[in-house]
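Structure, as structure tokens:
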Amino acid sequence: MMARLVVLIALLVSSLSVVANPFAAVFASNLIMARSHEKFPEAMLTLQSSIKEHGYTVARVQRIDIGLTGMGFKTDKYRVVFVGKKDEIQYLTKKYPELTPYMPPKVSIFAEDEDTVAVTVNPAVYKDMIDDEEDRRIFDRWENDVYSVFKDFSEAAEN
Amino acid sequence: MKNQILTLILVLAASVVNAAPDGAALFHQHCAVCHGDDGKGGVGVPLSLTSFINSVSDEYLRTTIRLGRPGRIMPAFPALSDAQVNALVEHMRGWSDAPTVTHNTEPVKGDAKRGEQLFAKYCEQCHGENGKGGTGTGVTFSRKRELPIIAPALNNSGFLAAATDTMIKDTLIYGREGTPMTSSLVTGLSETDIDDLVSYIRSFEAQPHDSAEDEVMPAVIVAESPYTVEETIENLKAAITDQNFTLIRTDYVEHGFVEEGKENKKQVVLHFCNFNFLFQALAIDPRVGVFLPCRVTVTEQDGKVQVATINPMLLSGLFNNDELKEACREMTGIYEAIIEDAVL
């Protein structure tokens, strides 16, 4: 079956290979996560306004919780936020069609008791899918911005 | 002169600040997202319960922070300085007034073979086969599960490096009040039984079950389609239904970025889902929503039509969660089947 599929070898370098020596493992940076002491609706607002302040567009907010409560999930507060800059998304998906399944990047946000948690894939993971140095810098910027947005997100309730 | 002294004092003050990292701030930054600022748990297990914090040594905490728990969500923090790690430990010590325990490194001598049988009888129902740990994440704020706290993995290199035999023995003798982990003495086991269990757990070291898969994987599953974009989409829709998934919607990669109707029609995304699957995946790790709902993209460039999905096999590594492996393998099979059906 696999033979029929042209599997594209976009090699993911160090950040994905789980290294035998645990000291070398870099799990921490593959996902970026943050906790907010704001309740879900407020935390969601904080997240979206910070995203916009950083110059990004919220392209869509997707509910993925429909039917979850009925299945024993205690929260119905679970959304996925699609985020990006138009020009960069257009440029990257055109030049690297293999990135398309990952674009635009997403942030998932869910309630955990009185808190709200946000999670996203570190853009460095996408960066490792391409070679061009110039283009790789786009992901460095994204990474910085994610840290900055998540900082706003996690500190909001303290202001 | 006065100015210089003032500067000197400021510089000194700044270096004092540098020398003593703020443990609470570090905890908030690196740990609270999973363990909660108060240590009550979340995606991570509770840390502030006195039955836990009073029964583990500083060394146990330091090693756990350094090595994490490979394949069990808890990341390794190799980049923190020793001073930062100490500040974190100090901060956690603030949850209890009790004196800090130490555990010697004397091996506990027991019969590992006998321990294995005892483990199957008394421990496996929570800690899993070969001590691979319970299913799900830390505590159950948003997820209903059988156990209120996940049973940690015991065959994990991070745990085995952090825990001495005497610490494991004490855990069995005293249990952890306020958690499902009860004292083995109360369960009716003898000290000999406990020694045998400790020896069995230590024997995992010979073959710790870690996610150590050095395998380098392709980032995407992709195939070329001999059909037009429109035909390929129709094929995909049928294939998605055949796999018992529900198509949620079809839109464009540029959705939300450009005015509706003006999107590039050569970059299409089909979003689909199967609620059972979604529920299962989120119950294993609530963070996987980043990759949900499932999607398959159809793109046309230079006359070539391509169908692609993410490679789900990457996720267990990304999330440092071995438990996702099975669901991901299943998902990979489904993605491959859908793509294959559509481009045949």
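The values are calculated or read from the model by the stated rules, or taken from the named source; none is laboratory data. None of these values were measured; they are calculated from a predicted model. Neighbour counts run over all protein chains shown; Cβ positions are idealised from the backbone, glycine included. Each accessible area value is taken on the protein alone, full model and side chains, heavy atoms only, with ligands, DNA and RNA left out. Shrake-Rupley method; radii C 1.70, N 1.55, O 1.52, S 1.80 Å.
Taking B:Leu318, is it out of contact with any Lys or Arg (no Cβ under 9 Å at 6 or more places or on another chain), crowded, with 21+ Cβ neighbours inside 10 Å and under 23 Å from A:Asn30 (Cβ atoms)?
Yes: the conditions hold for B:Leu318.
In contact (Cβ under 8 Å) with a residue 24 or more places away in the chain and of a type in the set (Phe, Trp, Tyr) - does that describe any residue in the range A:116-130? Please lay out each step first, then the result.
The first filter runs over the range A:116-130 and keeps only residues in contact (Cβ under 8 Å) with a residue 24 or more places away in the chain, leaving A:116-122, A:124-126, A:128-130.
If we keep only those that are of a type in the set (Phe, Trp, Tyr) too, we end up with A:126.
Yes, some residue in the range A:116-130 is in contact (Cβ under 8 Å) with a residue 24 or more places away in the chain and of a type in the set (Phe, Trp, Tyr).
Among the numbered criteria (1) farther than 14 Å from B:Cys123 by Cβ; (2) open to solvent by less than 10 Å² (accessible area, probe 1.4 Å); (3) within 14 Å of chain A (Cβ to nearest Cβ); (4) small (Gly, Ala, Ser), which single criterion is violated by B:Ala153?
Every condition holds for B:Ala153 apart from (1).
Go through the range B:23-74 and give me each residue that's open to solvent by 20 Å² or more (accessible area, probe 1.4 Å) and over 28 Å from A:Phe110 (Cβ atoms).
B:Thr50, B:Ser51, B:Asn54, B:Ser55, B:Asp58, B:Glu59, B:Arg62, B:Thr63, B:Arg66
Of the conditions (1) among the hydrophobic types (A, V, I, L, M, F, W, C); (2) within 21 Å of B:Val222 (Cβ to Cβ); (3) modelled with pLDDT under 85; (4) surrounded by 21 or more Cβ atoms within 10 Å (Cβ to Cβ), B:Leu292 clears all except one; give me its number.
(4)
Residue by residue through the range B:259-289, note down the ones that are open to solvent by 30 Å² or more (accessible area, probe 1.4 Å) and at the interface with chain A (Cβ under 10 Å from one of its Cβ atoms).
As a first pass, look at the range B:259-289 and keep what is open to solvent by 30 Å² or more (accessible area, probe 1.4 Å): B:259-262, B:264-266, B:274-276, B:279-280, B:283.
If the condition is that a residue be open to solvent by 30 Å² or more (accessible area, probe 1.4 Å) and at the interface with chain A (Cβ under 10 Å from one of its Cβ atoms), then B:Asn264, B:Lys266, B:Phe275, B:Asn276, B:Phe279, B:Gln280, B:Ala283 are the ones that fit.
Looking at (1) under 21 Å from B:Asn321 (Cβ atoms); (2) open to solvent by less than 30 Å² (accessible area, probe 1.4 Å), which is the only condition B:Asn130 fails?
With respect to (1) under 21 Å from B:Asn321 (Cβ atoms); (2) open to solvent by less than 30 Å² (accessible area, probe 1.4 Å), B:Asn130 is out only on (2).
Can you name every residue in the range B:75-126 that is part of a loop (DSSP other than H, G, I, E, B), open to solvent by less than 40 Å² (accessible area, probe 1.4 Å) and within 14 Å of chain A (Cβ to nearest Cβ)?
B:Pro75, B:Ala76, B:Phe77, B:Leu80
Step by step: first the residues of the range A:98-118, then only those that are assigned to a loop (DSSP other than H, G, I, E, B) and either more than 7 Å from chain B (Cβ to nearest Cβ) or β-branched (Val, Ile, Thr) (or both), then the one that is surrounded by the fewest Cβ atoms within 10 Å (Cβ to Cβ). Which residue is that?
A:Glu114
Across the range B:55-79, what is the total count of residues that are over 20 Å from B:Ala151 (Cβ atoms) and modelled with pLDDT under 95?
Total satisfying the criteria: 4.
Under 6 Å by Cβ, and 6 or more places apart or on different chains, what pairs join a residue from the range B:311-333 that is over 17 Å from B:Arg295 (Cβ atoms) and in contact (Cβ under 8 Å) with a residue 40 or more places away in the chain with one that is open to solvent by 30 Å² or more (accessible area, probe 1.4 Å) and assigned to a helix (DSSP H, G or I)?
B:Ser316/B:Lys325
State yes or no: is B:Thr135 open to solvent by 60 Å² or more (accessible area, probe 1.4 Å), over 18 Å from B:Met74 (Cα atoms), β-branched (Val, Ile, Thr) and modelled with pLDDT under 95?
no
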